[in-house]
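*Asks:* Encoded as structure tokens, here's the structure I'll be asking about.
The values are calculated or read from the model by the stated rules, or taken from the named source; none is laboratory data. Computed from a predicted model, the values in this text were never measured in an experiment. Heads up, the Cβs are rebuilt from the backbone with ideal geometry, glycines too, and the neighbour counts pull from every protein chain shown. Side chains included, ligands, DNA and RNA excluded: accessible areas come from the protein's heavy atoms. Shrake-Rupley method; radii C 1.70, N 1.55, O 1.52, S 1.80 Å.
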Amino acid sequence: MADLCDSASLALTELVANVVRHTPDRRAAVLLLRRPDGHGVRVEVTDRSPHPPDSPTAVDELAEDGRGVLIVGAVTDRWGWEPLPHRSGKTVWFECDAQVNRVEPCSTPRQDSSPPARPPAGARPSAGCRTGRPVR
């Protein structure tokens, strides 16, 4: 699940920033859920604003805002929003699937006895969520 940290952190930051910017009381409830199979997470951010998140298709490259939902869609596997059933507000959510690493046998044996190259010091694995598919 460590491979999800960067993507989930970035998406959560964007959703909380939207609450601070667009919700009058600047309050939200955050729910972090691990999938029952252990292969991913779901994050929900609930606020009191009934307005759906803006879903721009293009943003002026010099604009200082308007990219939050685009970023969430780019770094998560699924996202969407739902109005609250019994009061004013909504829940915006996203899901990130963990990458399942499979080691495939090498078809050609190594010709030398030197150890395999190591990654540079400080190198970090890439994030687990790479493609976004907005769901409504």
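*Asks:* Give the residue, chosen from R34, R27, that is in contact with a strand residue (DSSP E or B) (Cβ under 8 Å, 6 or more places away or on another chain), at pLDDT 90 or above, closer than 17 Å to T91 by Cβ and among the basic types (K, R).
*Replies:* Numbers: R34 fails: closer than 17 Å to T91 by Cβ.
Going through R34, R27 in turn, the sole match is R27.
*Asks:* Which condition number in (1) under 16 Å from the mean Cα position of the chain (by Cα); (2) touching a residue at least 40 places away in the same chain (Cβ under 8 Å); (3) surrounded by fewer than 18 Cβ atoms within 10 Å (Cβ to Cβ) is the one that R21 fails?
*Replies:* Here R21 meets the rest and fails (1).
*Asks:* Just name the residue that is modelled with the lowest pLDDT out of those in segment 56-69 that are open to solvent by less than 50 Å² (accessible area, probe 1.4 Å) and under 30 Å from A2 (Cβ atoms). Even if it seems obvious, please write down each step before you answer.
*Replies:* Going residue by residue through segment 56-69, those that are open to solvent by less than 50 Å² (accessible area, probe 1.4 Å) are 56, 59, 63, 66, 68-69.
Among the residues that remain, those that are also under 30 Å from A2 (Cβ atoms) are: 68-69.
Working: G68: 81, V69: 86.
In this case the residue turns out to be G68.
*Asks:* Sticking with this one: Do we have any residue at all in segment 4-24 that's in a loop (DSSP other than H, G, I, E, B) and either closer than 24 Å to S88 by Cβ or modelled with pLDDT under 90 (or both)? Let's see the steps before the verdict.
*Replies:* Here is the first cut: in segment 4-24, the residues in a loop (DSSP other than H, G, I, E, B) are 23-24.
Imposing the further condition that a residue be either closer than 24 Å to S88 by Cβ or modelled with pLDDT under 90 (or both) reduces the set to 23-24.
So far as segment 4-24 goes, yes, one or more of its residues are in a loop (DSSP other than H, G, I, E, B) and either closer than 24 Å to S88 by Cβ or modelled with pLDDT under 90 (or both).
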